[in-house]
Amino acid sequence: MTELTDVAAFVNTLEIEDGTDEIASWLEARGVRPTPASVGRAAAVREAIRAHLLAHNGIPVELSPAAAVLEEAARRSRLGLRFGTVPPRLEPEADGVDGVLGSLLAAIAAAAADGTWDRLKACRAETCRWAFYDDARNRSRAWCSMKVCGNRAKARAYRARRGSA
């Protein structure tokens, strides 16, 4: 799950509610000097991952464009299978932003193999879309936090029921 935590942190570099985007800082923290082009590629990968996380949470999303972005990022990162570790794992050969993005894609591939990838979800709240790990036994979490987004959704539903009564 540690690697999925990195994927969630990457997706959460965009705060949708207030428009704050920390993707350049996130890349710098990983030793990469971002350029406008590399930030654009990283943002495209972030939103492609978010599309998959929304689908994990039951939101209808067209995944073909997202898959194309992720496949291109995998090609650019030159992911290769490494047998020097047990179990063998994917690692990027590329440096810079492409290498960092390749590491995230490798983490996603490992999570898909171990069955935890579909537990990483994006919040259903349209003003949030924060990535979170669904640790509920029945995989039923819908919101990043019951205290914030879940509470807002339940309050709206309550008001709607009271208004129609």
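Modelled spin-label separation between ARG162 and ASP118, with each label point placed 7 Å from Cα along the Cα-to-Cβ direction: 3.8 nm. Of the accessible area of the chain, computed with a 1.4 Å probe over protein heavy atoms only, carbon and sulfur atoms account for 54 percent.
Let me have the 222 nm mean residue ellipticity of the chain computed from DSSP H runs of 4+ only, each contributing -39500 (n - 2.57), with the sum over all residues rounded to the nearest 500. Display every interim value, and only then the final one.
Values: 6 runs with 85 residues, N = 165.
About -16500 deg cm²/dmol.
On full extension of the chain, what length is gained from ASP6 through ARG82, given 0.36 nm per residue of separation minus the C-alpha to C-alpha distance?
Values: separation 76, 0.36 × 76 = 27.36 nm, distance 2.04 nm.
Net length gain for the segment: 25.3 nm.
When the chymotrypsin sites (Phe, Trp or Tyr not before Pro) in region 63-165 are filtered for DSSP coil states and for at most 12 other beta-carbon atoms within 10 Å of their beta-carbon, the remaining sites are PHE83.
What do you get for GluC sites (Glu not before Pro) in region 58-149 restricted to DSSP loop and a cutoff of at most 12 other Cβ within 10 Å of the site's Cβ? Mind showing how you got there, number by number?
Numbers: sites: GLU62, GLU71, GLU72, GLU93, GLU126; in loops: GLU62, GLU93, GLU126.
Of the GluC sites (Glu not before Pro), the ones in loops of region 58-149 whose Cβ has at most 12 other Cβ atoms within 10 Å are GLU62, GLU93, GLU126.
The mean accessible area for residues of region 84-151, using a 1.4 Å probe and ignoring ligands and nucleic acids, is 53 Å² per residue. Extension gain, SER25 to ALA68: 0.36 nm times the residue separation minus the Cα-Cα distance gives 12.9 nm. When +1 charges are put on Lys and Arg Cβ atoms and -1 charges on Asp and Glu Cβ atoms, the dipole computed for region 57-140 relative to its Cα centre reaches about 220 debye. Read through the labelled values (1) 17.3, 65; (2) 15.3, 51; (3) 18.8, 78 and report the label of the one computed as Rg and Dmax of the Cα atoms in Å from the structure. So the structure-derived entry is (1). In the elastic network of the chain, a GNM with C-alpha springs shorter than 10 Å, the most mobile of ARG46, ARG78, ARG129 is ARG78.
Computed over neighbours whose Cβ is under 15 Å from that of GLY31, the net charge equals -2, Lys and Arg +1, Asp and Glu -1. Taking Cβ atoms as reference points and 13 Å as the exclusive limit, the residues near GLU126 contribute a net charge of +4, counting Lys and Arg as +1 and Asp and Glu as -1.
Give me the percent relative contact order of the chain, please, defined on Cα pairs under 8 angstrom at least 6 residues apart. Walk me through the intermediate numbers first.
Values: 218 pairs, mean separation 38.0, N = 165.
Relative contact order of the chain: 23 percent.
Taking all protein chains as they are arranged and a probe of 1.4 Å, the heavy atoms of SER25 leave approximately 60 Å² accessible to solvent. The residues of region 1-82 expose on average 52 square angstrom of accessible surface per residue, using a 1.4 Å probe on protein heavy atoms.
The values are calculated or read from the model by the stated rules, or taken from the named source; none is laboratory data. Note that the coordinates shown come from a computational prediction; the quantities given were computed from them, not determined experimentally. No Cβ is skipped: glycine too gets one built from the backbone with ideal geometry, and neighbour counts run over all protein chains shown. Note: accessible area is taken over every heavy atom of the protein model, side chains too, but ligands, DNA and RNA are not part of it. Shrake-Rupley method; radii C 1.70, N 1.55, O 1.52, S 1.80 Å.
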